[in-house]
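The values are calculated or read from the model by the stated rules, or taken from the named source; none is laboratory data. None of these values were measured; they are calculated from a predicted model. Here Cβ is always computed from backbone atoms with ideal geometry, including for glycine, and neighbour counts include all displayed protein chains.
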Amino acid sequence: MESQDPNTNREVAVVVLAAGKGTRMKSARAKVLHEICGLPMLGHTQRVAEGLQAQRLLVVIGRDADEVRRAFGESAEFVHQAEQNGTGHAVMMTEAALNDFAGDIFILYGDTPLLTVETLERMRAVKADRSADLVMLTARGEIPGRVVRDADGCVERIVEAQDATSEELKIEERNTGVYLVGADLLWAALSQVGTDNQQGELYLTDIVGYAVQKGHRVEALWLEDASECLGINDRTELAEATRLMQARINAQVMASGVTLIDPASTYIDATAEIGADTVIEPGCCIKGKTVIGPNVLIRAGCYVEDSRLDEGVQFGPYSHLRPGSHLMAGVKVGNFVEIKNSTLGPGSKSAHLTYIGDADVGAEVNFGCGSVVVNYDGYQKHRSVIGKGAFVGCNVNLISPVHVSDKAFLAAGSTITQDVPEDALGVARARQRNLDGWVARKEGRTAARGEAATPNAPAGPPTERRHQNDRGGSESGAESTLIPEGNPEVKE
């Protein structure tokens, strides 16, 4: 018989089986949509297909078809398996869609997100170098399918654990279920496999035995790191896969020139990008499509989501950068600061205890302690603009939308509700008034300025007064006596 063309430039299609119910996840959510390091499981498999530069990507979906379609939109072709009758049956559902495809087909799984492009490229190389018609991926581990070899060491067939003999159960080489096979051989084999097994299903594994019987060349690539083929069926395996993926991401990040002070406590999503010579301290989470430039310092305990940090930014400790934020070069943000959907121009600073929401901030702006850009009026969000070189004093509230022009100065404690012109001092607070002797008169301890003590004032120190109120005094009446009559403003 003729072997298939060994040329590694053959077109490649990827078929992903994602129709399983995932009952052990105990979830109303589709199993393949549970996330690992910022991507759904199926998203990791999709990235592998993109890394292979596959010409076609088909995903076989079942019970949760609509949910999976919504999540992945037009990024893949979907084939619906209405009746789930085994892995072989699932692959057969794609034959009509691939009837004009004559290249090689990878068969992968939506709940096996740790598989790498490098491993699959090795399978392509084996298929080409050895003129193989089918290449399977094998490993050691808790995998049910045993790889049975003949006396010459060649692959003979695969037997599932429930169908294996006592001797076959001792075999350590296991079938991971990942295959690379020519399209013609795949469809011919699937048309011949039967359901003569314990489950009464069409086993995809039977294509190996068929290929051997028909004289096709079958090769097995041994995978040293069996964790790549970890299938996720429950929350424990999801956590283990997340741990392994995070360790892989962190290793890649450090190899690119980033310092992670404590990799074990640093969580970086697969979609994040981080520049060289950046330092990330312990306890940080870098989420989503965050882009971090070079020479950035992220101090301990920070949470960064879908944001951009340019070169030389210092952020934290214990601060939160929410989606849509952009810190430009040299921005310094200290502890307990939250920034949401805002841009801070080069060299701007917010040292501590500040909220900046929906704001466009120019260069070299300083936010004092406790300042707040108040962006929500209870019904909708509003945006403010703060010009370059502006100074925002401590405990200033900017009630959006306002425009603070360049070099404006906002006095501490002000509530700014109107635009502030360039170089202007914005002040919005009541003047302080000190009423001499007020406490003494209230408590009846002494007369002030020759006046008699108030006869009806409750006697005793403040602690006793509080107890009187606790025993039934009028809170509203007590509050009313604290408000001086007349205009509290002191005239200049």
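Key figures
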{"read-out": "Among (1) in a loop (DSSP other than H, G, I, E, B); (2) over 25 Å from Gln46 (Cα atoms) - the single one Lys289 does not satisfy", "value": "(2)"}
{"read-out": "Filtered residues of the stretch 421-445 (kept if assigned to a helix (DSSP H, G or I) and aliphatic (A, V, I, L, M))", "value": "Val439, Ala440"}
{"read-out": "Breaking point among (1) more than 30 Å from Thr266 (Cβ to Cβ); (2) modelled with pLDDT of 95 or more; (3) part of a helix (DSSP H, G or I), for Gly88", "value": "(2)"}
{"read-out": "Within the stretch 129-186, considering residues that are of a type in the set (S, T, N, Q) and over 24 Å from Leu202 (Cβ atoms), the one surrounded by the most Cβ atoms within 10 Å (Cβ to Cβ)", "value": "Ser131"}
{"read-out": "Criterion: closer than 19 Å to Ser348 by Cβ and either without any contact (Cβ under 8 Å) to a residue 60 or more places away in the chain or touching an Asp or Glu at 6+ places or on another chain (Cβ under 7 Å) (or both) - qualifying residue of Gly413, Gly378, Gly389", "value": "Gly389"}
{"read-out": "Test: Leu185 is of a type outside the set (Lys, Arg), touching a residue at least 24 places away in the same chain (Cβ under 8 Å), touching a Leu at 6+ places or on another chain (Cβ under 7 Å) and in the same structural domain as Lys214 (by TED's automatic domain parsing)", "value": "yes"}
{"read-out": "Matching option when the condition is out of contact with any strand residue (DSSP E or B) (no Cβ under 9 Å at 6 or more places or on another chain), in contact (Cβ under 8 Å) with a residue 12 or more places away in the chain and farther than 26 Å from Met25 by Cβ, among Val218, Val193", "value": "Val193"}
{"read-out": "Selection status of Val68, more than 27 Å from Met123 (Cα to Cα) and either surrounded by fewer than 19 Cβ atoms within 10 Å (Cβ to Cβ) or of a type in the set (Val, Ile, Thr) (or both)", "value": "yes"}
{"read-out": "Condition met for Asp306 (touching a Ser or Thr at 6+ places or on another chain (Cβ under 7 Å) and assigned by TED's automatic domain parsing to the domain that holds Ala247)", "value": "yes"}
{"read-out": "Residues being within 11 Å of Leu114 (Cα to Cα) and not in a helix (DSSP H, G or I) - total across the stretch 232-261", "value": "1"}
{"read-out": "Cross-chain or 6+ apart pairs with Cβ under 8 Å, the stretch 64-89 first and within 16 Å of Met41 (Cα to Cα), then at pLDDT 90 or above and acidic (Asp, Glu)", "value": "none"}
{"read-out": "Tally of residues being part of a strand (DSSP E or B) and surrounded by fewer than 19 Cβ atoms within 10 Å (Cβ to Cβ) across the stretch 367-378", "value": "2"}
{"read-out": "Of residues in the stretch 16-42 being part of a helix (DSSP H, G or I), surrounded by fewer than 22 Cβ atoms within 10 Å (Cβ to Cβ) and touching a residue at least 60 places away in the same chain (Cβ under 8 Å), the one nearest to the chain's Cα centre (by Cα)", "value": "Met25"}
{"read-out": "Test: residue in the stretch 262-277 that is assigned to a strand (DSSP E or B), over 17 Å from the mean Cα position of the chain (by Cα) and buried (at least 16 other Cβ atoms within 10 Å of the Cβ)", "value": "no"}
{"read-out": "Residues (modelled with pLDDT of 90 or more and either under 15 Å from Ala226 (Cα atoms) or touching a helix residue (DSSP H, G or I) at 6+ places or on another chain (Cβ under 8 Å) (or both)) located in the stretch 124-141", "value": "Ala132, Asp133, Leu134, Val135, Met136, Leu137, Thr138, Ala139, Arg140"}
{"read-out": "Among (1) in a loop (DSSP other than H, G, I, E, B); (2) of a type in the set (D, E, K, R); (3) surrounded by 19 or more Cβ atoms within 10 Å (Cβ to Cβ) - the single one Glu224 does not satisfy", "value": "(3)"}
{"read-out": "Matching residues, the stretch 331-366, being at positive phi and not in a strand (DSSP E or B)", "value": "Asn341, Gly347, Asp358, Glu364"}
{"read-out": "Residue identified as out of contact with any Gly (no Cβ under 7 Å at 6 or more places or on another chain), under 18 Å from Glu50 (Cα atoms) and either not assigned by TED's automatic domain parsing to the domain that holds Val32 or not in a helix (DSSP H, G or I) (or both) among Leu120, Leu115", "value": "Leu115"}
{"read-out": "Wholly within the stretch 142-196, strands (runs of 3 or more DSSP E) carrying at least 2 residues that are in contact with a helix residue (DSSP H, G or I) (Cβ under 6 Å, 6 or more places away or on another chain)", "value": "155-159, 174-182"}
{"read-out": "Residue list for the stretch 295-343, filter: acidic (Asp, Glu) and either modelled with pLDDT under 95 or within 18 Å of the chain's Cα centre (by Cα) (or both)", "value": "Glu305, Asp306"}
